[in-house]
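Q: The structure is given below, and queries will be raised subsequently.
What follows draws every value from the coordinates through simple rules; no lab data is involved. Keep in mind that what you see is a predicted model, and the values were worked out from it rather than measured. Here the Cβ is made from the backbone with ideal geometry for all residues, glycine too, and neighbour counts use every protein chain on show.
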Amino acid sequence: MRNCLIIVFLFTCISVTAQKSYTKNGTIGFYSKAPLEKITAENNQVMSTMDMQSGQVQFSVLIKAFHFKKSLMEEHFNENYMESSKFPKATFRGFLQQPIPDLSKDGQYTVMISGDLTLHGVTKNISTPASIEVTNGIATGKSTFNITLADYKISIPKIVKDNISETVDITVNCRYDKKM
Amino acid sequence: MSEDSFTNIMKKSTRTFLLIILALLITGGGIGYYLYNKGPVDVQDSNSIKVTAIALYDSYTKDSAVAQKNYTGKILEVSGEVHEASLNQQQKQVILLENGSDGSYINCTMEEPAQKIKATDKVTIKGICSGIGEGDADLGIKGDVYLTRCYFVSTK
């Protein structure tokens with residue numbers, strides 16, 4: 001009986017730990033559409049963890065890993081807007097809202113995520129719908145939401161007001177292929 | 001000097017002056033346009049700082065402020081042993097280099113098409129250092145040091 005309990009306990013431990021997945025190479029992109037210019041940038045080095053059972057999700061990105069098509073934009077993004085030497089990372093810590101779907105089964109799920117987004121040294125609570133697709137036990141999470149730059153104290157000089165929109169679309173696409 | 005020749009000289013100098021202004025405007029505009037549209041930095045042809053994967057990671061974990069000053073945003077040539085080669089969601093090759101610490105790596109996203117690389121290969125990779133990423137202490141995940149826009153310098 002005691003042995004049985006130990007075996008059951010061990011299996012529970014294994015199944016619980018297997019519910020935590022992560023990636024260090026997820027993608028976050030942003031898109032700013034202004035009258036004069038469309039600006040896009042992508043970061044393929046996003047660290048994100050997801051606990052399939054508790055629904056806890058975390059993201060952490062290095063601002064300097066965002067890349068642009070034009071080097072001047074990248075320079076302005078780092079030096080003038082995001083001040084990446086002072087604020088090198090952006091993070092998000094949040095939860096999938098209840099009820100959390102059974103992510104151990106393959107399928108397509110729609111969830112709501114809410115939590116704290118820290119960007120440019122400012123933390124704001126955000127909520128966004130997201131989709132999670134599980135294929136062969138590997139979850140891929142996707143979401144698109146927009147943020148207002150002024151909320152994060154990112155100011156745009158008047159001279160380039162027409163080139164940069166006040167809100168930017170953020171897209172998230174992370175494949176959680178590593179398991180704990 | 002007659003009044004006519006004086007007017008002629010004045011006309012000429014005004015014209016020369018206007019031409020110079022025009023030439024300056026065109027050159028300035030051209031330089032501005034070139035700088036504005038300039039593409040990303042050419043990693044392959046740029047000077048780089050040579051460092052081993054182990055020394056690079058050590059530097060970030062021992063004194064991240066110094067490492068940030070010396071390496072973040074700079075073009076590095078990092079040599080080390082391959083832990084894993086995989087493809088990311090954009091089908092770009094990702095090479096993890098051993099850095100002497102279990103569970104964390106020098107994480108390089110390649111710009112060039114995927115090459116046949118396997119664990120234990122010794123490679124040198126040139127790319128832009130984005131800094132050290134955050135881990136997750138609760139889950140025991142350590143942060144990687146990231147390199148982007150990478151190219152292989154050698155793959156022995």
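Q: What is the fewest-to-most order of A:His76, A:His67 by other Cβ atoms lying within 10 Å of their Cβ? Each step should come with its number before you reach the end.
A: Working: A:His76 18, A:His67 21.
The most exposed by this proxy come first: A:His76, A:His67.
Q: Show that you can apply the helix-only estimate: for chain A, add -39,500 (n - 2.57) for every DSSP H stretch of four or more residues, divide by all residues, and state [θ] at 222 nm to the nearest 500.
A: Numbers: 2 runs with 22 residues, N = 180.
Mean residue ellipticity at 222 nm (helix-derived): -3500 deg cm²/dmol.
Q: Give, rounded to the nearest 20 debye, the magnitude of the charge dipole that chain A has about its Cα centre when Lys and Arg contribute +1 at Cβ and Asp and Glu contribute -1 at Cβ. Before the final figure, lay out the partial values.
A: Numbers: 20 positive and 16 negative charges, 71 e Å.
So the dipole magnitude of chain A works out to roughly 340 debye.
Q: Defining a contact as two alpha carbons under 8 Å apart and six or more residues distant in sequence, what relative contact order in percent does segment B:43-156 show?
A: Working: 266 pairs, mean separation 31.3, N = 114.
RCO, segment B:43-156: 27 percent.
Q: Excluding B:Asp121 itself, calculate the net charge of residues whose Cβ lies under 13 Å from the Cβ of B:Asp121, where each Lys or Arg counts +1 and each Asp or Glu counts -1. Can you show the working numbers first?
A: On the way: positive: B:Lys116, B:Lys118, B:Lys122, B:Lys156; negative: B:Glu81, B:Glu84, B:Glu98.
Summing Lys and Arg as +1 and Asp and Glu as -1 gives +1.
Q: Just going by the charge dipole of the protein assembly as shown, with Lys and Arg at +1 and Asp and Glu at -1 on Cβ, which of B:Cys150, B:Val66, B:Ile20 is farthest out on the positive end?
A: Checked the options; the winner is B:Ile20.
Q: Now for a different question. Calculate, in nm to one decimal, what B:Glu112 and B:Glu3 gain on full extension: separation in residues at 0.36 nm each, minus their alpha carbon distance.
A: Details: separation 109, 0.36 × 109 = 39.24 nm, distance 7.13 nm.
Taking B:Glu112 through B:Glu3 to full extension adds about 32.1 nm, to one decimal.
Q: Sticking with this structure for a sec: Within 15 Å, Cβ to Cβ, of A:Leu36, how many net charges do the neighbouring residues add up to if Lys/Arg are +1 and Asp/Glu are -1? It would help to have the intermediate numbers written out before the result.
A: Working: positive: A:Lys33, A:Lys38, A:Lys70, A:Lys158, A:Lys161; negative: A:Glu37, A:Asp162, A:Glu166.
Net charge in that neighbourhood comes out at +2.
Q: Which aspartates and glutamates, if any, have their Cα less than 16 Å from the Cα of B:Lys74, not counting same-chain residues under 8 positions apart?
A: Within reach: A:Glu74, A:Glu75, A:Glu79, B:Asp42, B:Asp45.
Q: What's the center-to-center distance, using Cα atoms, between segment A:115-140 and segment B:112-156 in Å?
A: If we compute the Cα centre of each part, the gap is 25 Å.
Q: Residue-wise, which Karplus ³J(HN,Hα) couplings in Hz belong to segment A:163-179, taking 6.51 cos²θ - 1.76 cosθ + 1.60, θ = phi - 60°, and x for glycine or proline?
A: Running phi through 6.51 cos²θ - 1.76 cosθ + 1.60 with θ = phi - 60° gives 8, 10, 7, 6, 10, 10, 8, 10, 10, 10, 8, 10, 9, 8, 8, 10, 10 Hz.
Q: Under a cut-off of 13 Å between alpha-carbon atoms, report the aspartates and glutamates in cross-link reach of A:Lys38, not counting same-chain residues fewer than 8 places apart.
A: In chain and number order, the partners are A:Asp162, A:Glu166, A:Asp169.
Q: Then there is this: Using amide H atoms built 1.01 Å from N in the peptide plane, name the residues 5+ places from B:Gly135, or on other chains, whose amide H lies under 5 Å from its own.
A: B:Gly143
Q: Can you tell which of A:Ser165, A:Asn146, B:Gly32 lies farthest toward the positive end of the dipole of the protein assembly as shown, using +1 and -1 charges on the Cβ of basic and acidic side chains (Lys, Arg; Asp, Glu)?
A: Working it through, the farthest residue towards the positive pole turns out to be B:Gly32.
Q: Would you please give the residues with an amide H less than 5 Å from that of B:Lys74, counting only those at least 5 places away or on a separate chain, with H modeled from the backbone geometry?
A: Placed amide hydrogens put B:Cys129 under 5 Å from B:Lys74.
Q: Which whole-Hz couplings ³J(HN,Hα) result when phi for each residue of segment B:72-87 is put into the Karplus expression 6.51 cos²θ - 1.76 cosθ + 1.60, θ = phi - 60°, listed in order with x for Gly and Pro?
A: Ordered by residue, 3J(HN,Hα) equals 4, x, 9, 8, 10, 10, 9, 10, x, 9, 6, 8, 7, 10, 8, 10 Hz.
Q: Can you give the local net charge around A:Thr27? Use residues other than it whose beta-carbon is closer than 11 angstrom to its beta-carbon, Lys and Arg +1, Asp and Glu -1. Could the numbers behind the result be given before it?
A: Working: positive: A:Lys142, A:Arg175, B:Lys92; negative: A:Glu42.
Around A:Thr27, the surrounding residues sum to +2.
Q: For segment B:91-145, report the % of Cα-Cα distances exceeding 17 Å. Intermediate values should be presented prior to the final figure.
A: Details: 627 of 1485 pairs.
So the pairs more than 17 Å apart make up 42 percent of the total in segment B:91-145.
Q: Work from the charge dipole of the protein assembly as shown (Cβ charges, +1 for Lys and Arg, -1 for Asp and Glu, about the Cα centre) and give the residue of B:Asn107, B:Ile75, A:Thr27 farthest towards its positive end.
A: Result: B:Ile75.
Q: In chain B, what is the volume of the convex hull around the alpha carbon atoms, normalised per residue and reported in Å³? Don't jump to the answer; show the numbers that get you there.
A: Working: hull volume 29.2 nm³, N = 156.
Convex hull volume per residue, Cα atoms: 187 Å³.
Q: Here is a further query. Report ³J(HN,Hα) in whole Hz for each residue of segment B:137-154, in order, from the Karplus equation J = 6.51 cos²θ - 1.76 cosθ + 1.60 where θ = phi - 60°; Gly and Pro get x.
A: 4, 4, 8, x, 9, 8, x, 9, 8, 9, 10, 10, 6, 8, 9, 7, 8, 8
Q: Turning to a different aspect of this structure: Based on Cα positions only, what radius of gyration and what Dmax would you give for the protein assembly as shown, in angstroms?
A: 25.7, 125
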